[in-house]
Amino acid sequence: MMMPIIMADSTADIPEALVKEYGIHIVPMSLVFGEESYVEGIDITVSQFYAKLAESKVLPSTSQTSPSQYVEVYRKLLSENNNAPIISIHLSSGMSGTFQAARLAHSMLEEELGHAVDITVIDSLCATYGFGLQVVHAARLAKQGLPVAQIEEEVIKLGKQRRLYFLVDTLEYLQKGGRIGKAAAVLGTLLNIKPILSVDQEGVIYAVDKARGSKRATARAIELFIKDFGDQRDINIAVCDAVNPEGAQQFLEAMAQHFTLHEVVRTNIGAVVGSHVGAGTLAVFVWPA
């Protein structure tokens, strides 16, 4: 049995060390600033992106990978890896058409070749490392020699166990992206209101609560995690930040007062997700240890 290739798009925000350790294949997504187009992680780094975002009058737009681009990626991976099976995990279908593009690419490739191709396309129903943790889990299971069907089952199961909250520093980007009205954004800024967001079972972002100021938002998010996990105190945690490392560290330290932390992952919210949430955001993902 051949070990499957684990593939994901760049919005998984997986730390480079884990990408290298598990040989995960990352397909970069693109974003556009005015007239300029950038490929995430190739033409623009995370720090360059947030610096540009701070000074830009234009909100960047994001561009998903097309089905024909995925066909190219799949074809190349199959030819370079002796037709090993591919497990292709993607950004939530509730936020992007990326998952559908990958599924369409699979059927396009089969039509082109005239035979079935062993590609399993999975909807993560999440974004940033909430999706990355499923990709890393798949890669670990693949290394252990588990079959594709079992890996898929375990990845989906982990997605159901995962709990997450986004603490957004400013409502500006949600307003610019059409997620909330201008009046709400102005009022939120004046009152220092920090929204607490999550992602539902369909992979769609929704507002859970709001708090005045970052400290209260952190305390409220921790209350929500305690409620989510009940008596379960052994957890794995990933804290992703958009140029807010101090906030990320403080959140981790506060969580350690209530839970026993096993695997701890620190990573950045990349350019594509960052263009929708803005600088200062924290995304916290917790799953049972």
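Looking across 99, 49, one residue alone is among the aromatic types (Phe, Trp, Tyr), touching a residue at least 12 places away in the same chain (Cβ under 8 Å) and within 14 Å of residue 271 (Cα to Cα). It is 49.
If only one of 78, 91, 59, 53 is touching a Lys or Arg at 6+ places or on another chain (Cβ under 7 Å) and either at negative phi or open to solvent by less than 20 Å² (accessible area, probe 1.4 Å) (or both), which one is it?
The unique qualifying residue is 59.
Within the stretch 219-235, the set of residues being open to solvent by less than 20 Å² (accessible area, probe 1.4 Å) and in contact with an Asp or Glu (Cβ under 8 Å, 6 or more places away or on another chain) comprises just one member, 224. Among the residues of the stretch 117-165, those that are open to solvent by less than 30 Å² (accessible area, probe 1.4 Å), among the polar types (S, T, N, Q) and closer than 29 Å to residue 248 by Cβ comprise 124, 128, 134. Per the conditions (1) farther than 20 Å from residue 135 by Cβ; (2) modelled with pLDDT of 95 or more; (3) open to solvent by less than 30 Å² (accessible area, probe 1.4 Å), the sole criterion not satisfied by residue 174 is (2). For first residues located in the stretch 63-79 and under 13 Å from residue 103 (Cα atoms), partners that are among the polar types (S, T, N, Q) and lie 6+ apart or on another chain with Cβ distances below 7 Å form the pairs 65/98. Can you tell me which residues in the stretch 254-264 are surrounded by fewer than 13 Cβ atoms within 10 Å (Cβ to Cβ) and either farther than 14 Å from residue 129 by Cα or of a type in the set (A, V, I, L, M) (or both)? Of everything in the stretch 254-264, those that are surrounded by fewer than 13 Cβ atoms within 10 Å (Cβ to Cβ) and either farther than 14 Å from residue 129 by Cα or of a type in the set (A, V, I, L, M) (or both) turn out to be 256, 257, 260, 262.
Return a yes/no flag: does the stretch 236-253 have any residue that is among the polar types (S, T, N, Q), open to solvent by 30 Å² or more (accessible area, probe 1.4 Å), part of a helix (DSSP H, G or I) and more than 19 Å from residue 128 (Cα to Cα).
yes
Checking each residue in the stretch 39-50 for being open to solvent by 50 Å² or more (accessible area, probe 1.4 Å) and either among the hydroxyl-bearing types (Ser, Thr, Tyr) or within 16 Å of residue 7 (Cβ to Cβ) (or both) picks out 41, 45, 47.
Taking interchain pairs and intrachain pairs at least six residues apart, which have beta carbon atoms under 9 angstrom, with the first residue in the stretch 232-261 and under 18 Å from residue 214 (Cβ atoms) and of a type in the set (Phe, Trp, Tyr) and the second open to solvent by less than 40 Å² (accessible area, probe 1.4 Å) and part of a helix (DSSP H, G or I)? The qualifying pairs are 251/218; 251/221; 251/222. Looking at the stretch 82-168, the strands (runs of 3 or more DSSP E) lying wholly inside it that each contain 1 or more residues that are modelled with pLDDT under 95 and over 21 Å from residue 17 (Cα atoms) sit at 163-167.
The values are calculated or read from the model by the stated rules, or taken from the named source; none is laboratory data. Because the structure is a prediction, the values reported are computed rather than measured. No Cβ is skipped: glycine too gets one built from the backbone with ideal geometry, and neighbour counts run over all protein chains shown. What goes into the accessible areas is simple: the full protein's heavy atoms, side chains included, and nothing from ligands, DNA or RNA. Shrake-Rupley method; radii C 1.70, N 1.55, O 1.52, S 1.80 Å.
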